[in-house]
1. Please specify each residue of the range 638-673 satisfying the condition of being buried (at least 22 other Cβ atoms within 10 Å of the Cβ) and either free of Cβ contacts under 8 Å to residues at least 24 places away in the same chain or touching a Lys or Arg at 6+ places or on another chain (Cβ under 6 Å) (or both).
2. Quick test for you: out of Ile427, Ile439, pick the one residue that is buried (at least 18 other Cβ atoms within 10 Å of the Cβ), in contact with a Leu (Cβ under 8 Å, 6 or more places away or on another chain) and not in a helix (DSSP H, G or I).
3. Is it the case that Val522 is buried (at least 19 other Cβ atoms within 10 Å of the Cβ) and within 30 Å of Lys425 (Cβ to Cβ)?
4. Conditions first: (1) buried (at least 20 other Cβ atoms within 10 Å of the Cβ); (2) in a helix (DSSP H, G or I). Val470 passes all but one, so which condition is the exception?
5. So, of the residues in the range 698-715 that are modelled with pLDDT under 90 and not aliphatic (A, V, I, L, M), which turns out to be nearest to Thr650 (Cα to Cα)?
6. Which of the following residues is in a loop (DSSP other than H, G, I, E, B), modelled with pLDDT of 85 or more and surrounded by 12 or more Cβ atoms within 10 Å (Cβ to Cβ): Phe92, Phe142?
7. Please enumerate the residues belonging to the range 624-637 that are assigned to a helix (DSSP H, G or I), surrounded by fewer than 24 Cβ atoms within 10 Å (Cβ to Cβ) and in contact with a helix residue (DSSP H, G or I) (Cβ under 6 Å, 6 or more places away or on another chain).
8. Given the criterion more than 19 Å from the chain's Cα centre (by Cα) and over 26 Å from Thr16 (Cβ atoms), identify the matching residue among Ser279, Ser232, Ser236.
Amino acid sequence: MSLLIALLGITIGSLTLFPRLEIDPDLDNYVPVEMDNRVNMNHMDSIFGGSEMILVMLKDEDVVKRSTLKRLKNLSEELGNLEGIDRSVSPFDAQTISTEDGFIIMEPFMENIPGDQAGYNELKSEILGNRMASRFFSTDDFELVSLMLMKDSDYSDDLLITAIDSVLLEHPGTEEVLLGGLPYVRYSITGNIKKDLKVLLPVALLLMIFMLFASFREWKGVFMPFSVVIMSMILSFGVMALLGWNISLITVLMPIMLIAIANDYGIHMIARYQELAQSENPPSMLEICRQIYTDLKRPIIIAGLTTIGGILGLLTHTMIPAAQIGVLTAIGIGFSLILSIWFLPAMLSYFQPVGKVRVKKIRRVMSADKWLRKISHMVTNHPKQVIITSVLVGVLGITGIFFIKVDTNIEGYFLGNSKVSRSIKLINEKLGGSQFISILFSGEVLSPEILQRMEYYEKVLSEDPAVGTVSSPVTLVKELSKGFYNVDEEGYNQIPSTLNEVYQFIEIFTMGGNEEAVEQFVDYNYENSRLLVSLKDGSNMEGKRLLKKMQELVKDDPDVSFIAGSSLTKIQLADMVVSGQIKSLMLAMVVVFVLLALIFRSGRAGFISVLPLSVAILVLFGLMGFFGITLDIATALISSIMIGVGIDYTIHYLWRFKEELAKGVGHKEATLKTLTTTGRGIIINALSVIIGFMVLTLSNFAPLRFFGALVVISITTCLICALVLIPSIVVLVKPRFLETK
C-alpha cells in the first residue's frame, strides 16, 4: 500500500509542475548554440540589429487602385505604432531622387494616390522603374502588394500577431489579407502545436480505450493499462517542466508514444490474467496476481529495458529536441514498467476474477487463435521459404534507401490549404522569397572596389533560378546616383569612382531621414556591410547548392567575413538529422544486441533478435525512398522508436517459447503453444501501438502525419517478423540457448 501511495504522490507532484511548460517554435533553438551558423547569425544581429520581418500582404485582381493603396497606407501608419514594432516600411516610404538647379531633390514616391485608370497605369510604370518601390509589389501581375513590419526580436510573437489581427479587423476591405515572415511562421507553429495536443491526445486515449475493451471485453482490462499510461504521461511532462525544457514541434510525439507504448506491459499482464482465469479450475484473484507477477516480471523488465535502450538511442542526435524526447520518453516508459509490475497486480488483486459467462464471451472474441494456428503450421512446415522471402524483401528495401532525400525546410511542414502555407507560397512566387542568406563584408565596405565586387556577386546570384532578390549597398548607391546625374550623364545608375563620392551619396540620403534604409545594409561606422539574398525555393537541396555556389564565388575575397542566414540553419539541421539517424540506429541496435545476448547468455540470441529489426528497418527506409518521403526532424526519430518497441515482440515470443521447451515438448508444439498464448498478447500490443500512432495522421504538421504512417508500417513489419520470421528461424536453427534452463 505504501508503494501505491508513493507512486500516486509522484504523479500528483508532477501534475503541479504543468504551469511551467512553454512552447518553443523557433527552429534555431533546435541546434546547439555553438553551431557555426547560429554564432554567425548572432554576430550579424549585433551589427545590423535583431529585428525580424513580418509581411502584411493584400491580394486582389489589381492592387494598384485607390481603395487598396489607401487601405495599405492606413495599415502601415497604424501597425507601425504597435508595441513590438520598430518600424513599418511600405511603398509610401520609397523615395524618388532627382536633381533640380544643382540640388538633390528627394520626394515620396507615392505622395498622392491616382484617381483614374490612366493614373494607375502611369504609377505601374513608375513602380517598375523604382527598385525601392517595386520590391513591395508582384510586378508581373500587380495582384499583390505588401508592407514590412520590423519586429523587435524580444517581443512576443503571440501578442504581436494578435495585435496585428485586431488592427486588420478595424480596416476591412475587399482584398484578401495574408501574413508572412518568420515570426508569423513561429506563431503558426505554436498554434498548431496547441491544436495537436488538444485534439490528438483525447483521440488517442479514446482509441486506446476502445482497443483495450475490444481486445479484453472487461473494464479491468481497460482501466489498468489506461491508468498506467496517464500516470506515465504526467510524470514525463512534469520532468520536462522541472528541467525547464520547452515543448517543440516534435515534442507532440512524446505523449503519443507513451499512449502507444506505455500500456504494452499492462496488456501482457491482462492477457496472462485472462489466460489463467479461463482454466478449468481457476485460482483466486490473489493467486492469479501472484502468478502473473512471477511469470511476467522478468520478460516485461527485459522488454522494458530494451525499449528504453532503443529510445535512448535518440541521445546521439545533435538536434536538441530529439535528445530531450528520448530522455522524457525513456523516463515515462520506465515509470510505466514499474507501474505495470507492481502497481497493476496490486490494484488487480482488489477486483473479482472474470465470471464463467464472461469467459465464454472472451473466448469467442479470441478469433485470432485460428490465424495463429495457421501461422504456426506455415512456419513449422516451410521455415526456409519464410526466411528466403524475408531476405528478398530486405534486399528490395536496400534499393529504395538510395532514393531517400533529406529536407528540414520548415516551409514544407504546413499543409497545402492552411493560411500560412498559402502565404509562404505567395511570398516565394511573387515577392522573391521569405528565407535569406547574407554575405558579410568587413573593412572599407563603401570603397568602389568592394562595391564593384558586390555588384558582380549580385549579377551572378540574380541569374540563379532559386534566388528571388539580391540587395546590398550597391542597390542603394546606384539608386541614389540617379539623383546626382541626369540619365544621359556618365555616373547615372552607376557606382561612383571615389570613396568620398559614395560617402556623400549616403550622408545626403541619411540626412533626409532615411537612416533605417541605410542601416539594413551598412553599420553606423561604415565598417561592415552585407549582401542579402532571398530564396524562392527553400528546399534543402537548393539551399545547399546555392550555399556552395556562394562559397565558391567569394572564396578569394579578403573582405568577406562569412556567409550566414536563417535558411542555413535548416541545412545544418539536415546534416544533424542524417548523422543522428545513423548514430541512433547503430546505438539502438548495439544496445538491443548486448542486452539480449546477456539475458539469454548467448551471442546468437542477440544476433537472432536483431534480424527481424533489420528487415523492418530496410522495409521502412526502402518505402521512404520509393515513395519520396523525406527524412526530416520527425521521421529521423523513427528507427530508434521502432527498435525500442519492435524488439518487445521478439523478447516475449522467445521467452515463452523457451518456457514451453522446458516443459519437454517439441519445437512444433512449443511454436503452436507460444503463438496461441503469448502471440495474442503480442498482437494486442502491436495493435495498441499502431492505433496510438495512427492518430498522428490527423496532425496539423505534414512531418508528423508521415511519421504516424511510417510507424504503422514499421510496427506491422516488426509484428509479422516476430510471429513469422523468428519462429521460422527458431524451428530451422534450433538454437541451444532456448533449450537450456
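1. Hit for the range 638-673 is Ala670, nothing else.
2. Checking each option against the conditions leaves just Ile439.
3. For Val522, the condition - buried (at least 19 other Cβ atoms within 10 Å of the Cβ) and within 30 Å of Lys425 (Cβ to Cβ) - is not met.
4. Every condition holds for Val470 apart from (2).
5. Ser714
6. Going through Phe92, Phe142 in turn, just one is in a loop (DSSP other than H, G, I, E, B), modelled with pLDDT of 85 or more and surrounded by 12 or more Cβ atoms within 10 Å (Cβ to Cβ): Phe142.
7. Of everything in the range 624-637, those that are assigned to a helix (DSSP H, G or I), surrounded by fewer than 24 Cβ atoms within 10 Å (Cβ to Cβ) and in contact with a helix residue (DSSP H, G or I) (Cβ under 6 Å, 6 or more places away or on another chain) turn out to be Gly625, Phe626.
8. From the options Ser279, Ser232, Ser236, the qualifying one is Ser279.
The values are calculated or read from the model by the stated rules, or taken from the named source; none is laboratory data. Just so it is clear, the structure is predicted and the values come from calculations on it, not from any experiment. Methodologically, a virtual Cβ is constructed for each residue, glycine included, from the backbone with ideal geometry; neighbour enumeration extends over all protein chains shown.
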